[in-house]
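Trainee: This structure is in structure tokens; I'll ask about it shortly.
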Amino acid sequence: MDMTEKASSAEQLRGAGLRVTSARVAILECLRFERHLTAEEVAEKVRERVGHVSTQAIYEALNALTGTGILRRIEPAGSPARYESRVGDNHHHLVCRQCGAVADVDCAVGHAPCLEPAANAGFKVDEADVIYWGLCPSCQGGHP
């Protein structure tokens, strides 16, 4: 991570009204290059970069970053919450039933919210959260 990218992370935090801390910058740096990490995976990578950071501090930072929209939290059924820095485009996810691998997939149809419900019960829909389930290429054992 070069100084420009670190400055960009700091600017992103300030722009969201958040304090710039080494843990928050490290979280953004980790999730800029790797997607769909659990909080434990984020904590491990942050500690490799900045030394000791409490688990509570990691969770508080992740909550603050998702609360301001800098990060996105996804929660596939049966899996711990995962975090990613790809936000604002209403993309969806593919999840492997066997190994839990997660991959991004662009909007299913058209522009956000991507899918129109058959009935909206009076709601004004502005986002769809779609998870496709199946087997990833590795778990297919070479059988598509």
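Quick note: the coordinates plus some simple rules give every number you see, no bench work behind them. Since the structure is predicted, the reported quantities are computational estimates derived from the model, not experimental observations.
Trainee: Compute the angle between helix 3-15 and the longest alpha-carbon principal axis of the chain, please, reported from 0 to 90 degrees and rounded to the nearest 10.
Mentor: 70
Trainee: Here is a follow-up. Using a Gaussian network model of the chain with C-alpha springs under 10 Å, which one of ARG82, ARG32, ARG14 is most mobile by mean-square fluctuation?
Mentor: Its mean-square fluctuation being the largest, the pick is ARG14.
Trainee: From the mean inverse distance of alpha carbon pairs (Kirkwood) and the Cα radius of gyration, derive Rg over Rh for the chain.
Mentor: 1.02
Trainee: Can you tell me the 0 to 90 degree angle between the C-alpha axis of helix 22-33 and the longest principal axis of the chain, rounded to 10?
Mentor: Computed tilt is about 40 degrees.
Trainee: Something else: Per-residue ellipticity at 222 nm for the chain, helices alone: DSSP H runs ≥ 4 residues times -39500 (n - 2.57), over residue total, nearest 500 deg cm²/dmol?
Mentor: On the way: 4 runs with 50 residues, N = 144.
Rounded to the nearest 500, it is -11000 deg cm²/dmol.
Trainee: A further question on this structure: Among DSSP bridges having both ends in the chain, what percentage is antiparallel? Round to the nearest 5.
Mentor: 70
Trainee: Answer rounded, prolate or oblate for segment 3-74, using the Cα gyration tensor with square roots of eigenvalues a ≥ b ≥ c: rounded when a/c is under 1.5, else prolate when a/b is larger than b/c, else oblate.
Mentor: Rounded.
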